[in-house]
Each structure stands twice: as C-alpha cells, then as structure tokens.
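Here's the structure, in structure tokens; my notes come after.
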Amino acid sequence: MKHPFLVGELVYLRPLQADDAELFAEWLNDTRVTRTLRARGPITVEAEREWIARVSADPSEFVCALVLRKGDRLIGSAGLHAIDWQARSASFGIKIGIPAMWGRGYGTEATRLVTDHAFRTLNLNRVGLQVHAGNVAGRRAYEKAGYRVEGIQREAVYREGRFGDLVLMAVLRSQWEAAAGADGKPRAAARAGPAARRGGGTAGAKGRRKR
C-alpha cells in the first residue's frame, strides 16, 4: 500500500495525486461510468489535474483515491463534499471507474470507511447523498453501508433523452453508532492509516460534479 489513509479488508483510500488525472479523465469520458454521475464530457487530463489541485486545498471537501489492496490498483475515488462545519453535515460521493470492478463490494466498503471517518474523526453528525433512481446496485450498496431513504426528487436529472428521479439518502451519527459493534468499530473491519491516526487528510471533490 502506498500512503494509506483509511484501510479496509479489500480497499484502502489514499490522498489524491496529480498522476491520478490520467485515469480519472479516461473514466470520465466513458459513458458507462458517467451515466450515474454529474460529469459532463469531454474531460481533459489537464482539467483533472486542476480539479485535483483545487479540491485538495479546499477544507470543505474530503476526497481520496480508492485503491485495491490486492495489486495496489487505482479503481476510483470516494469522499465527502460541501462539508458544513457548523451544521456538522456533508454529502457523500463515490465513483468506481472500471466497470469490471462493479458489484464486488469495493464501493460498499469504501462508503463505510469514509462514513466512519466522517463521524469518528471529523465529528460530523449527518452524511447524505443522492443516487439515481435507476441505479439499483448503488442504492443497495448505500443501504448496506447504513444509509436510509429520506425522499425523492422527481425528474431532477436528465440522462439519455429522458428525465429521471433522484433518491435522497442519509445516515445520522446516532444511527451509525447504534449499529456499530460493542467494540465501537464500523460495520466493515477497517483501520486508519498513519495519516488518519495523526489527524491529517486530503481534500475532496467540489464544483462541476460529485464523485
């Protein structure tokens, strides 16, 4: 593992690096990946480098690169967006850029790692998210990670020639702690990397899309 920040059984999260821009741009120009994201192509490598630099300096954002522990392969990113330090709330976002990696539990574990960090380290009280109504697998992954449906925004997105609904989901700190084991550990076995134990971190995604 290289510069691990949050570590799970299957994946770990590390700070974003400028070199990640090459793969990010490739993924964000793939319609299979962006059909459930807010990204709008075409996306250039330079634009991704600028995005990484910008969000890494933004204290209201927290995003990490998502990497497989086996083989140390970069497969996506995950993090918190628009952190409101007064209301103690944030929005969660994730992308896995390799379709072959979907449905293997990587997204669920990454969601748990970031959400646990939000409550136990950043002292947030609420983490919400939005998921396309047609993204059944994504919604299932969020539910496994403890998120619950709060409402629906009707015809809030436009994709592939038609309008679609957005499902609003969230989890509260009290719910998360109640569902944790007696030892206080999150739902998935995980440990913090050296940077997390020191209280450091990396910034996340803001602006043109949520990742």
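Before moving on, here are some points about what is shown:
- Sparse packing (at most 14 other Cβ atoms within 10 Å of the Cβ) combined with a DSSP loop state is found for the following GluC sites (Glu not before Pro) in region 130-166: E160.
- In order along region 103-111, the phi-based Karplus estimate (6.51 cos²θ - 1.76 cosθ + 1.60, θ = phi - 60°) of 3J(HN,Hα) comes to x, 10, x, 5, x, 4, 5, 4, 4 Hz; Gly and Pro are listed as x.
- Prolate/oblate/rounded label for region 100-144 (Cα gyration tensor, a/c 1.5): oblate
- Packing-based ranking of 102-112, 9-19, 131-141 yields 102-112, 9-19, 131-141, ordered from highest to lowest mean Cβ neighbour count within 10 Å.
- Assuming charge only on the beta carbon of Lys and Arg (+1) and of Asp and Glu (-1), the dipole of region 6-198 about its Cα centre is about 600 debye to the nearest 20.
Values in this text are rule-based calculations from the coordinates and carry no lab data. It should be emphasised that the depicted structure is a prediction, and the values quoted were computed from it without experimental measurement. Don't worry about glycine lacking a Cβ; one is built from the backbone with ideal geometry, like all the others, and counts go over all protein chains shown.
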